[in-house]
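Worksheet for the structure shown next.
The values are calculated or read from the model by the stated rules, or taken from the named source; none is laboratory data. Small disclaimer: the values here were computed from a predicted structure and weren't measured. With ideal geometry, Cβ positions are generated from the backbone for all residues, glycine too; neighbour counts draw on all protein chains shown. Surface accessibility is based on the protein's heavy atoms, side chains included, excluding ligands, DNA and RNA. Shrake-Rupley method; radii C 1.70, N 1.55, O 1.52, S 1.80 Å.
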Amino acid sequence: MTFRSKRYKKESENLSKEPVGLAEAVEKVKSFDSVKFDQTVECVLCLGIDPKQADQLVRGSVSLPHGIGKQKKVIAFCEDADVEPVKQAGALEAGCDELVKKIEGGWMDFDVAIAAPKVMSRVGKLGRILGPQGKMPTPKNGTVTADVVSAVAEFAAGKVEFRNDAGGNIHAVVGKQSFEVQKLTENIEAFVSHIKKVKPQASKGTYIKKISISATMSPSVTVAV
């Protein structure tokens, strides 16, 4: 049984049972009583896909117009000549063989791993370690790229990765509760627009069935699709 605070229950009681416009939904999430930290705002899309079918999976990454209010710890697997430029772009660690050994030894203090195609043959052995945590570099979400420097800069600034879960839902951070209504609204619009663009061709019927947004410790608000 999930415990809900009196504050949470009170906020839930005042929510409309009907979907509302995006701007109104954002204003509602921002109006919830603040806790002792700046809550993260998340957007959840319920998609009309069959997650059991490989040709209907939805995953990738997108840069939001106003960032997400958080820096990410990024590492990069690259050739020696690129180590310094990559670190200057914001990488916490960079290199290849020594970095692979460090991770094999148990070091996992990073959020995103970027890799150059030329070194993937040496990074592949980390699949059993990074795969289950969703940190294995892959071309599908832009973390395997020839332009490692640009990718590191984008992900360090808060580029958002996404992938559907077993229920066909996409979860993504879209900002902070302290963001202005316009900035949160534009971030969510950009995210939803991107998800529309990557609709699998094999997906039939209604693609986006439901959209909701919520803050870390607040109830979710349903947005009119």
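Listed values, structure above:
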| item | result |
| --- | --- |
| Percent accessible area from carbon and sulfur atoms, segment 69-225, protein chains only, probe 1.4 Å | 48 percent |
| For segment 184-225, convex hull volume per residue from C-alpha positions, Å³ | 84 Å³ |
| Average accessible area per residue (Å²) across the chain - probe 1.4 Å, nucleic acids and ligands excluded | 54 Å² |
| Residue-averaged 222 nm ellipticity for the chain, from DSSP H runs of 4+ at -39500 (n - 2.57), nearest 500 | -8000 deg cm²/dmol |
| Integer Hz, Karplus 6.51/-1.76/1.60 couplings in order for segment 202-213, x for Gly and Pro | 6, 6, 10, x, 5, 7, 9, 8, 7, 10, 9, 10 |
| Nearest-20 debye value, segment 91-225 charge dipole, Cβ charges on Lys, Arg, Asp, Glu | 620 debye |
| Spin-label pair LYS196/PHE37, simplified geometry with 7 Å Cα→Cβ offset, distance in nm | 3.4 nm |
| Longest segment of the chain lacking trypsin sites (Lys or Arg not before Pro) that sit in a DSSP loop with at most 15 other Cβ atoms within 10 Å | 74-203 |
| Heavy-atom accessible area order for MET120, MET217, largest first, 1.4 Å probe | MET217, MET120 |
| Globularity ratio of the chain, using Cα Rg and 2.2 N^0.38 Å | 1.11 |
| Considering only the chain, percent of DSSP beta bridges that pair antiparallel, nearest 5 | 70 percent |
| Net charge dipole size for the chain [Lys, Arg +1 and Asp, Glu -1 on Cβ; Debye, nearest 20] | 800 debye |
| Gain in span if fully extended, SER150 to LEU92, counting 0.36 nm per residue against the direct Cα distance | 19.4 nm |
| Zone of GLU84's modelled label, taken as backbone nitrogen in segment 117-158 under 18 Å from a point 7 Å along Cα→Cβ | 148-150 |
| Per-residue ³J(HN,Hα) for segment 94-111, Karplus 6.51 cos²θ - 1.76 cosθ + 1.60, θ = phi - 60°, Hz, x for Gly and Pro | 8, x, 9, 4, 5, 5, 4, 5, 4, 6, 4, x, x, 6, 9, 7, 7, 9 |
| Potential extension, TYR207-GLN71 segment - 0.36 nm per residue separation minus Cα distance | 45.8 nm |
| Interchain or long-range residues, amide H under 5 Å from ILE208's placed H | GLY48 |
| Relative contact order (%) - the chain, alpha-carbon pairs under 8 angstrom, separation at least six | 39 percent |
| Table column - 3J(HN,Hα) (Hz), segment 165-179, Karplus curve with 6.51, -1.76, 1.60, x for Gly and Pro | 8, 5, x, x, 9, 10, 10, 8, 6, 10, x, 10, 4, 6, 4 |
| For HIS171, net neighbour charge (Lys/Arg +1, Asp/Glu -1) across residues whose Cβ lies under 10 Å away | -1 |
